[in-house]
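Novice: Got a structure here, written out as structure tokens. Questions coming.
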Amino acid sequence: MHDLKPVTALGGSEPRVDTFAHVTLSENDGLVLASVAARLGQEDRCHSVIAKMLGAVPGPGQAVLHDPETGFWMGPDQWMISAPKTSHPLLADDLKQRFGDAASITEQTGAWACFDLQGPGMVDVSERLCAAPVRRMQAGDAQRTVIHQLGCFVIRGADADHLRILGPRASAGTLHHALVTAAQSTA
Amino acid sequence: MTQRNRLASGGQINRDETLKFMFDGKSYQGHAGDTLASALLANGVRLMGRSFKYHRPRGVLTAGSEEPNALVELRGGSRQEPNTRATTAELYHGLLAKSQNRLGSLRFDLLSINDRLSNFLTAGFYYKTFMWPAAFWEKLYEPVIRHAAGLGSLSLKDDPDVYDKGFLHCDLLIIGAGPAGLAAALTAGRAGADVIIADEDFRMGGRLNSETFALGDNSGADWAAATVAELQSLSNVRVMPRTTIIGAFDHGIYGAVERISDHLKTPQEGKPRQILWRIYTRQTILAGGATERPIAFENNDRPGIMLASALRTYANRFAVAADRRVAIFTNNDDGHRTASDLHAKGVKISAVVDVRADAPRSLDYEVLHGEVIDTKGRLGLTFAEVRLADGSTRTLECGALGLSGGWNPNVHLTCHQRGRPTWNDDLAAFVPGSDLPAGMTVAGAANGDMSTTGALQGGRNAALSVLDLDNAPLDLPAAEDAPVVIKPFWYVEGCSRAWLDQQNDVTVKDVKLSHQEGFRSVEHLKRYTTLGMATDQGKTSNMGGLAIMAELAGKSIPEVGTTIFRPPYTPTAIGAFGGRHRGQEFHPTRLTPSHKWATEQGAEFVEVGNWLRAQWFPRAGEKTWRESVDREVLATRASVGVCDVTTLGKVDVQGTDAADFLNKIYCNGFAKLAVGKTRYGLMLREDGIAMDDGTAARLAEDHFVVTTTTANALPVYRHMEFVRQCLFPDMDVQLISTTEAWAQYAVAGPNSRRVLEKIVDQDISNDAFPFMACANITVCGGLRARLFRISFSGELAYEIAVPTEYGDALMRRIMQAGAEFDITPYGTEALGVMRIEKGHAAGNELNGTTTAQNLGMGRMVSKKKDSIGSTLSEREGLNRDDDLRQVGIKPVNPEKAVPAGAHLMAMGGPVDAAHDQGYVTSACYSPNLGHAIALGFLKNGSERMGERMRLVSPLTNVETEVEIVSAHFIDPEGERLRA
Amino acid sequence: MIIQHPLLGPRDAAEFTYMGDAKLIDRPDWQSETAAQDFYAYGYLRDNPAGWHKELWFHEAGDRSWLVVTRNTVTHEISEVALARDVARARGRSK
């Protein structure tokens, strides 16, 4: 085992939590991520591995909120798989084993900052952030959108008041600032 | 006396809540529910400002957002906002307002001399007068004009408030909450549709709040309030008062400004002042109502002269009589309503002057057949001169005069996509044309249905139609259904100083002059006279101008046509467009994984794109940046240095055709690159110009990691996707950006291997891991990592990458491991110096004009394969021997600097563009060589080594003698790299 | 503008990057005898119609698909949107 200590996307040793009257914004440091892209001509094989893992293949604009792995559609024949860091520390390697030459797997954990926005004001906050129709989205809807000029994914969780936001990790501070100001603005 | 013009009863104001406010330093009182204009009128204040050009005393003309005249500076200090319409400014406790556009006091404006000089200040005055001599413009005319003209003044301080942006989605957007909008919203809302109803007013109801008509058993205002309450109770309806739809954009996108805090003294903590919403809707019902227009006659701009409908609004909604003695001048039946309403409230009606012989009569007041031809009253109306039909004249004593020239449907939003309104003779007005924005339906007065019943039915029917509903059970209350009876009448014969556009001081005379001088297009009229070009965009003035122009040209009004309506519908603060994107938040900031550590070291940072990169790391005692940079360069070349290079773009390229794909995007070959090796790649545009460069590391047969320059990461990725999806769609290749997934550090210098050997878990001896090797490895006892033996500095060097979350820890570990070798962190400046010393091209050389040949890499362009740019790079013009070649440049006198951007000229030859031989792209001081060095491009440069040239920079007055040398200043044989 | 993404439905044009004429898909054969002339025409000779135009748009803030959008440059009306990859295959492009 190595002895290097990771930091969260916001640079702390512990994930940050900001509490407002109507929402709680939590930095989620517990996810590992890897992308899966079907090899040309191997789409069916790739789909069946995904279906076996998640229970279904996420279609465009969709996530499958499976446990422990969750997957959402990123682009044509491309998905992002996430899982808890504790149970899947080497997710990309695991996926390479599972998919073999049916898909290209890319480690993505370090590329993203993840925030969970939860509470009765979640939709109001999201309306100040992005053009994605969060109010109309259902549990398991996942869209790429723009928040403060940053390309982000927004995913409606199983709880009706929960939105997961994945944004570029290097801009975690900017994204967090945008989320906090939108929360203050709608409090 | 306080509020001497406040009526004893009525109005939608809260008399229990008294609000104090200040206007021009004097204290007044009003009530909750007042606007600044209604409160001033209640206090008997008619004079509210001075006009733009002639500094004429002006009062309020309207009771709405179309107001041209009553513009004030609202609030003070950094919140001071000029040109705020008193008619829309909601009164709040402690409101502070100042009249504007005056020199001295409002009552004795020193610039009112302009009014006496009016013969010289007609249309085109500026164009004609200040033409000559040219030099006078900047020095004399402009400063004087700037001082005298303009409306309000800016605080010149930062706006302390914040503005939000937001996004809303709906099935049906209803614009305007008058009778038509409310009926539409109720129909759609009860049917369960996803509805947004927006109105610019703080009190919804539109004209229902301004009229005395009954709706069924209720007053119009009560019906509106009850309807709004029901709509607010529906979860599928979003009710947005204080929200102006400012533009109708393509495909059902609307811009809206919601004023969250404008009615408060200061916004609540954390709350925005305004929100700029982008509304996405499937269908839209425009129920924006209509705007009354005035009639032009001599001196029609005195305070106290206003629209008849505005007088009615002030009386009915705000319980304010603009004056206790009022006259009306009208060409249609609606004007008479003002007289009867005011009479009922005990206001003395001096007379109603109607241009029609068959005007309705009244038992309560006199109705005269004639025209108002002039007025009196220096700072406010005192008398109106009337010319009766029989030619006799009469003088009416009055402090307010209501004008009713008919109503213009508010067609603006129907025209934002180049729709053209059509003329309706019955209304003597333009109504929406057939070319509406897709998804838009117009209802109510905006559609020319001027009666309350027509509006209610129009709104309901529009909602039924756009939602495709079967007869929803909405019973409409019984309401007035009077027809429009009007005789078109625009201006009084013989008038000249009769104002059309009160905000820009454009008169009937100006329009006539414009015609006389040959301006025939309505767009030319607008620009020559400035009619309709003020912040009110001519809402009350354009029609008058058009009518006069039509008459002079012998055309009909529709033949003349309207000018083009453009967004925004009403003036919008720039701050609202900026939203949160200002100051530090103007664009996102990207931080490198070592940012926190670098901050602790006291690094200076530089913005590279959105990235903040350490530029250098100053140490105690270093007085200039050069001292720090020189030290970093020397220490790296002498022992070892470390630099965060995470910002370079990284793209994961996988698939069985990955190597073929790289062969397409790079001009040089990649098919034969062995697994575990890295190669430099040059990417061309299709026209043969260099696009970007970087390295591709082959981690497996079907897996490469490609790097791009920091600045081009995004466009290069886009280009790669274009090549993959559009040009070679059957290649088995998958792309994904991994720029931020890995923290990557360059460890460079003769001791770099010794430092890394303490960190990585594998053998990295020169044999095991030679120059240009790459591998997936582990570090620190098992953390997955990547190692590349590549060098930008020219030294023995590696780039080591770990998952980003471990970047901070790895940097600290490298520093710890390197302590015994005095490892030196270096920033982008030292990085730049070392690459110039080594002769590596970078962004300054790959500047969008240079080819592989220019860069001295012409032979890299493989002719054995097809790659992007390979065919066009063979063009004759790009392959001339005398073309630019990258060279090194050094000063003959080592004390001299070599400025970047300077041009190379032959010794003794002329210094001009025709004799330009080349230019410097990158320059620095080389601490290793002890003098300045530079890279640049020189015609036929590779054949001119040793030649002496003049380096000139006429702009900075620099001329230096330089020698052309190899671009490889350090270790030209590359021995250090392979050590 | 709203672009009807073939997979994702209506998306704001602000999410896209524009590249112009979709004829860029028809990249000439480098081994043709007229390759130089063909690439010249491909690179430099484009129509710029006031009216219907097939254009390439990249869904940069979305799924990273290149789309071929048939758009009226005067009215902004969009009549057809297709994945560029499908269009390219239909036009005979392969490896």
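Readers should treat all values here as calculations from the given coordinates under stated rules, not as data from a laboratory. None of these values were measured; they are calculated from a predicted model. FYI the Cβ positions are ideal-geometry reconstructions off the backbone, even for glycines, and counts take in every protein chain you see.
Novice: Suppose a student asked you for the relative contact order of the range B:247-328, using Cα pairs under 8 Å spaced at least 6 residues apart; what percent would you report?
Specialist: 20 percent
Novice: Given chain A, report the % of alpha carbon pairs whose separation exceeds 23 Å.
Specialist: 41 percent
Novice: So between residue B:963 and residue B:269, what do we pick up on full extension, going 0.36 nm a residue minus the alpha carbon distance?
Specialist: 243.5 nm
Novice: Assigning unit charges at the beta carbon (Lys, Arg +1; Asp, Glu -1) and nothing else, what dipole magnitude in debye, to the nearest 20, does chain B show about its Cα centre?
Specialist: 1940 debye
Novice: I need the fraction of alpha carbon pairs in the range B:579-736 separated by more than 25 Å, rounded to a whole percent.
Specialist: Percent of Cα pairs beyond 25 Å in the range B:579-736: 46.
Novice: Among B:699, B:450, B:21, which residue has its Cα furthest toward the positive end of the charge dipole of chain B, with +1 on Lys/Arg Cβ and -1 on Asp/Glu Cβ?
Specialist: Towards the positive end, the residue furthest out is B:21.
Novice: Moving to a separate point now. Can you grab the distance from the C-alpha centre of the range B:749-797 to the C-alpha centre of the range B:280-316, Å, no decimals?
Specialist: 77 Å
Novice: Next question, about the same structure. Report Rg(Cα)/(2.2 N^0.38 Å) for the range B:893-940, keeping two decimals.
Specialist: Cα-based Rg divided by the globular estimate yields 1.24.
Novice: Label residue C:76 and residue A:101 with points 7 Å out from Cα along Cα→Cβ: what is the distance between them in nm?
Specialist: Each label point is offset 7 Å from its Cα along the Cβ direction, giving 5.0 nm.
Novice: Could you give the angle, 0 to 90 degrees to the nearest 10, between helix B:452-466's Cα long axis and the longest principal axis of the Cα atoms of chain B?
Specialist: On a 0 to 90 degree scale, this one is about 30.
Novice: Continuing with this model, one more query. Given B:491, B:821, B:967, which one lies farthest toward the positive end of the charge dipole of chain B, if we put +1 on the Cβ of every Lys and Arg and -1 on the Cβ of every Asp and Glu?
Specialist: B:491
Novice: Compute the length gained on full extension between residue B:395 and residue B:895: take 0.36 nm times their separation in residues and subtract their Cα-Cα distance, giving the result in nm to one decimal.
Specialist: 171.0 nm
Novice: Which listed residue (A:32, B:434, B:315) has the Cα farthest towards the positive end of the charge dipole for the protein assembly as shown, taking +1 on Lys and Arg C-beta and -1 on Asp and Glu C-beta about the Cα centre?
Specialist: B:315
Novice: If you don't mind, another one. Can you give me the pair-distance distribution of the range B:174-332, C-alpha pairs, 5 Å bins, whole percents?
Specialist: 2, 8, 14, 16, 17, 15, 12, 8, 4, 2, 0
Novice: If you don't mind, there's one more thing I want to ask. Would you calculate, for the protein assembly as shown, the mean residue ellipticity at 222 nm contributed by helices, counting each DSSP H stretch of 4 or more residues as -39,500 (n - 2.57) and dividing by all residues, to the nearest 500?
Specialist: So the helix-based figure for the protein assembly as shown works out to -5500 deg cm²/dmol.
Novice: Quick one: if the Förster radius is 25 Å, what FRET efficiency do residue A:3 and residue B:601 give, using the C-beta to C-beta distance and rounding to 0.05?
Specialist: 0.65
Novice: For the range B:162-210 and the range A:48-87, what is the centre-to-centre distance using only Cα atoms, to the nearest Å?
Specialist: Each part's Cα centre sits 41 Å from the other's.
Novice: With the Cα gyration tensor of the range B:43-84 in hand, give its eigenvalues times 5 under a square root as the equivalent ellipsoid semi-axes, listed largest first in whole angstrom.
Specialist: Listed largest to smallest, the semi-axes of the range B:43-84 are 18, 13, 11 Å.
Novice: Round to the nearest 10 and give me the degree value, 0 to 90, for the angle of helix B:713-722's Cα axis relative to the longest principal axis of chain B.
Specialist: 90 degrees
Novice: Now for a separate question. For the range A:31-109, what is the charge dipole size about the Cα centre, in debye to the nearest 20, if Lys and Arg each add +1 at the Cβ and Asp and Glu each add -1 at the Cβ?
Specialist: Roughly 40 debye for the range A:31-109.
Novice: What is the Cα centroid distance between the range B:46-74 and the range B:366-440, reported in whole angstrom?
Specialist: 18 Å
Novice: Which translational diffusion coefficient, to the nearest whole µm²/s, is obtained for the range A:31-109 from the Stokes-Einstein equation, given a Kirkwood hydrodynamic radius over C-alpha pairs, 25 °C and 0.890 mPa s?
Specialist: Using the Kirkwood radius from Cα pairs, D works out to 204 µm²/s.
Novice: Counting only other residues whose beta carbon sits under 14 Å from that of residue B:247, what net charge do I get with K and R as +1, D and E as -1?
Specialist: So the surrounding residues net to +1.
Novice: Oh, and also: Please express the shape of the protein assembly as shown as an equivalent ellipsoid: the semi-axes are the square roots of 5 times the eigenvalues of the C-alpha gyration tensor, given largest first in whole angstrom.
Specialist: Listed largest to smallest, the semi-axes of the protein assembly as shown are 66, 36, 29 Å.
Novice: Further question on the same structure: Between residue B:480 and residue B:282, what is the label-to-label distance in nm when each label sits 7 Å out along the Cα-to-Cβ direction?
Specialist: Each label point lies 7 Å from its Cα, and together they span 3.8 nm.
Novice: Work out the P(r) tail for chain B: percent of alpha carbon pairs separated by more than 49 Å, whole number.
Specialist: Of all Cα-Cα distances in chain B, 46 percent exceed 49 Å.
Novice: How long, wide and thick is the range A:78-162, going by the Cα atoms along their three principal axes, in whole angstroms, largest first?
Specialist: Largest to smallest, the principal-axis extents are 42, 26, 21 Å.
Novice: For a quick check of your reading of the filter: which trypsin sites (Lys or Arg not before Pro) in the range B:245-345 sit in a DSSP loop and have no more than 12 other Cβ atoms within 10 Å?
Specialist: Taking the range B:245-345 and a limit of 12 other Cβ atoms within 10 Å, the loop trypsin sites (Lys or Arg not before Pro) found are B:265.
Novice: Any idea what log10 I(q)/I(0) is at q = 0.11, 0.13, 0.22 Å⁻¹ for chain C, Debye with uniform C-alpha scatterers and no solvent?
Specialist: Result of the Debye calculation: -0.35, -0.48, -1.13.
Novice: Using the basic label-point model (7 angstrom from Cα toward the beta carbon), what is the residue B:9 to residue B:627 distance in nanometres?
Specialist: Label at residue B:9, label at residue B:627, 8.6 nm between them.
Novice: Can you give me the orientation-averaged projected area of the convex hull built on the Cα atoms of the range B:878-979, in nm²?
Specialist: For the range B:878-979, averaging the hull's shadow over all directions gives 7.4 nm².
Novice: If I stretch the segment between residue B:32 and residue B:882 completely, what's the gain in nm (0.36 nm per residue apart, minus their alpha carbon distance), one decimal?
Specialist: 297.9 nm
Novice: Oh, and also: Rounded, prolate or oblate, given the Cα gyration tensor of the range B:493-569, with a/c below 1.5 counting as rounded?
Specialist: Because a/c hits 1.5 or more and a/b fails to exceed b/c, the range B:493-569 counts as oblate.
Novice: Provide B:186, B:36 in ascending order of the number of other Cβ atoms located within 10 Å of each residue's Cβ, fewest first.
Specialist: Lowest to highest Cβ neighbour count: B:186, B:36.
Novice: When you take every Cα atom in the range B:644-755, what is the radius of gyration, and what is Dmax, the widest Cα pair distance, in Å?
Specialist: Computed over the Cα atoms of the range B:644-755, radius of gyration and Dmax are 14.2, 47 Å.
Novice: Do any GluC sites (Glu not before Pro) in the range B:902-979 lie in a loop, going by DSSP, with at most 15 other beta-carbon atoms within 10 Å of their beta carbon, and if so which?
Specialist: B:973, B:975
Novice: Here's something else I'd like to know. Using only Cα atoms, find the angle between the long axis of helix C:35-44 and the longest principal axis of chain C, and express it within 0 to 90 degrees, rounded to the nearest 10.
Specialist: So the helix axis and the longest Cα principal axis differ by about 30 degrees.
Novice: Indicate the helices, whole DSSP H runs only, in chain A that combine a mean Kyte-Doolittle hydropathy of -1.0 or more with a Cα extent along their long axis of 20 angstrom or more.
Specialist: TM-like helix candidates: A:172-186.
Novice: What value in Å³ per residue do you get for the convex hull of the alpha-carbon atoms in the range B:492-534?
Specialist: Taking only Cα atoms, the range B:492-534 has a hull volume of 63 Å³ per residue.
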